[in-house]
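The values are calculated or read from the model by the stated rules, or taken from the named source; none is laboratory data. None of the values given here were measured: they were computed from a predicted structure. For neighbour counting, all protein chains shown are included, and Cβ atoms are generated from backbone atoms with ideal geometry for every residue, glycine included.
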Amino acid sequence: MANVGVVGVQWGDEGKGKIIDYLSGFADIIVRFQGGANAGHTIVIGDKKVILHLIPSGILREKTYCIIGNGVVMDPEVLEKEIEELKGLGYLQDDRRLMISGYTHVIMPYHKKLDALKESRSAKKIGTTGRGIGPAYEDRVSRMGIRVVDLIDRKVFREKLKANLEIKNFLIRRYYKDEPLMIRDILKKFEPYRKMLKRHVTDSTSFLHKAMAKKKKILFEGAQGTFLDIDHGTYPYVTSSNTIAGNISAGAGVPPSAVDYILGICKTYTTRVGEGPFPTELPGPEGELMRKIGDEYGATTGRPRRCGWFDAVLVRRAVKLSGINGLSLMKLDVLDSFDTIKICTHYKIGKRLYEEPPMALQDFYRCEPQYEEMPGWKTSIKDARRLEDLPEQTLRYIRRIEELVGVPAAIVSTGPDRESTIILTNPFA
Ligand code: IMP
């Protein structure tokens, strides 16, 4: 396959980082197409740990080009830090390998401030990452946003910033009764960003189309997960972008036909950070055990993730929404010590059974998950390298997931290391 899209099929944190690292070895170009610094991926280089929020981890490969696409909302403060860290470790010596679309919207200090104020003052918190994502996408839609191409032009930037600050400061001062932001402070802070961005700004649409004409291999890297999608997720407990594969086209500037294979990244249980419904959540000791074994703490905010059983109702919907061709089943080893393992096959609301998630949020909260229970395997599977190395019960669990969601497993991950990965289908092959 020439081009592969990778998306999360649950509430994010499915382990996309590990699989993207693997797949980036086969790709010439990696493109982020939505989200921003709300995503996070920890990379260990020798004794150093780097958390990348914006730059695709493929930047660590020698020849891969990485693109921050137009669908991303980009925080220059985060980007500068990541670039410096990478350069300090000897990576990214060639600026041309990191490209940012001129159309990418910039996260401004007032976006982060408004995100924090809204969360701290509102009775119904979303539990955002506080990275200014929602307010930045709001401005994009209301046509007030500042794009990279605007920021690098000093005059345009000043004009747009002035117009924005008038409104934002009115809101900050009058509604939130907080300190306004000063234009001169922002202009000063952003001067080095302007210079940095000039080195990376590219017509990435044109670059990608030329690359496709030359049959280069492209990996489209999704962030978050299907049920955080602004349209198809558990609204309003969602992020502010479309996270499903359909957004690859709009967020990267390629036609839908450019993507040949969609890989869905799927934990073999379920986790969620932030507020919102979670039918299969285990608030008791079983959930705590999953959190402990699976090290379920957010890479961006460090918050503990809520944990629960595998929810086939959600993943079935995600498979349809993104046209998933194969699943990468993640963190299967986290279930090693459970006596029995449950899979939610349906929801019950009142007396009725449902195969699909409900539309109304209040119904989501009323869902009673209907479980099938399977025997656990009670042994470590981290050394399995082929499907045949897995215990019979593990295989049965995998087969049942495949049956319930209607798509085959392409990859099975049995541990955090690169070696603990069983490749059944390489999407790039
Ligand atoms: P925002 O994207 O910061 O506005 O947060 C909105 C919701 O999406 C919150 O529930 C966050 O916890 C969740 N969220 C955002 N990014 C991620 C992610 O990368 N992984 C998991 N959850 C996320």
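Okay, here's what the table says:
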read-out: Unique match (being under 14 Å from residue 196 (Cα atoms) and out of contact with any helix residue (DSSP H, G or I) (no Cβ under 6 Å at 6 or more places or on another chain)) among 86, 92, 79, 117; value: 79
read-out: Pair list, Cβ < 8 Å and 6+ apart or interchain, from the stretch 229-246 residues that are assigned by TED's automatic domain parsing to the domain that holds residue 135 and modelled with pLDDT under 95 to residues that are part of a loop (DSSP other than H, G, I, E, B) and within 9 Å of the ligand (Cβ to nearest atom); value: none
read-out: Residue ID - modelled with the lowest pLDDT, chosen from residues in the stretch 121-156 that are of a type in the set (A, V, I, L, M, F, W, C) and over 20 Å from residue 68 (Cα atoms); value: 123
read-out: Filter result for residue 68 (buried (at least 24 other Cβ atoms within 10 Å of the Cβ), touching an Asp or Glu at 6+ places or on another chain (Cβ under 8 Å), of a type outside the set (Ser, Thr, Tyr) and at pLDDT 95 or above); value: no
read-out: The stretch 127-144 residues that are under 21 Å from residue 12 (Cα atoms) and more than 6 Å from the ligand (Cβ to nearest atom), paired with ones that are in a helix (DSSP H, G or I) and aliphatic (A, V, I, L, M) (beta carbon under 6 Å, 6 or more apart); value: 130/116; 135/114
read-out: Verdict on residue 90 being more than 24 Å from residue 180 (Cβ to Cβ), within 9 Å of the ligand (Cβ to nearest atom) and either at pLDDT 95 or above or surrounded by fewer than 18 Cβ atoms within 10 Å (Cβ to Cβ) (or both); value: no
read-out: Looking only at the stretch 236-250, and only at residues there that are within 14 Å of the ligand (Cβ to nearest atom) and among the β-branched types (Val, Ile, Thr), the one that is nearest to residue 132 (Cα to Cα); value: 239
read-out: Subset of the stretch 181-227 (residues that are within 21 Å of the chain's Cα centre (by Cα) and of a type in the set (A, V, I, L, M, F, W, C)); value: 218, 219, 220, 223, 227
read-out: Some residue of the stretch 169-180 being on the phi < 0 side of the Ramachandran plot and buried (at least 20 other Cβ atoms within 10 Å of the Cβ); value: no
read-out: Any hit, the stretch 83-101, residues being touching a Ser or Thr at 6+ places or on another chain (Cβ under 8 Å), part of a loop (DSSP other than H, G, I, E, B) and touching a residue at least 24 places away in the same chain (Cβ under 8 Å); value: no
read-out: Hits in the stretch 313-346 (condition: in contact with a helix residue (DSSP H, G or I) (Cβ under 8 Å, 6 or more places away or on another chain), farther than 19 Å from residue 20 by Cβ and of a type in the set (Lys, Arg)); value: 316, 317
read-out: Residue in the stretch 26-52 that is farthest from the ligand (Cβ to nearest atom), counting only those that are buried (at least 22 other Cβ atoms within 10 Å of the Cβ) and not in a strand (DSSP E or B); value: 27
read-out: Residue list for the stretch 2-23, filter: more than 16 Å from the chain's Cα centre (by Cα) and crowded, with 24+ Cβ neighbours inside 10 Å; value: 3
read-out: Residue 115 away from the ligand (no atom under 16 Å from the Cβ) and not aromatic (Phe, Trp, Tyr); value: no
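So that you can scan it fast, the table gives a plain yes or no per residue for (1) more than 25 Å from residue 409 (Cα to Cα); (2) of a type in the set (Gly, Ala, Ser):
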| site | (1), (2) |
| --- | --- |
| 7 | no, no |
| 11 | no, no |
| 26 | no, no |
| 39 | no, yes |
| 76 | yes, no |
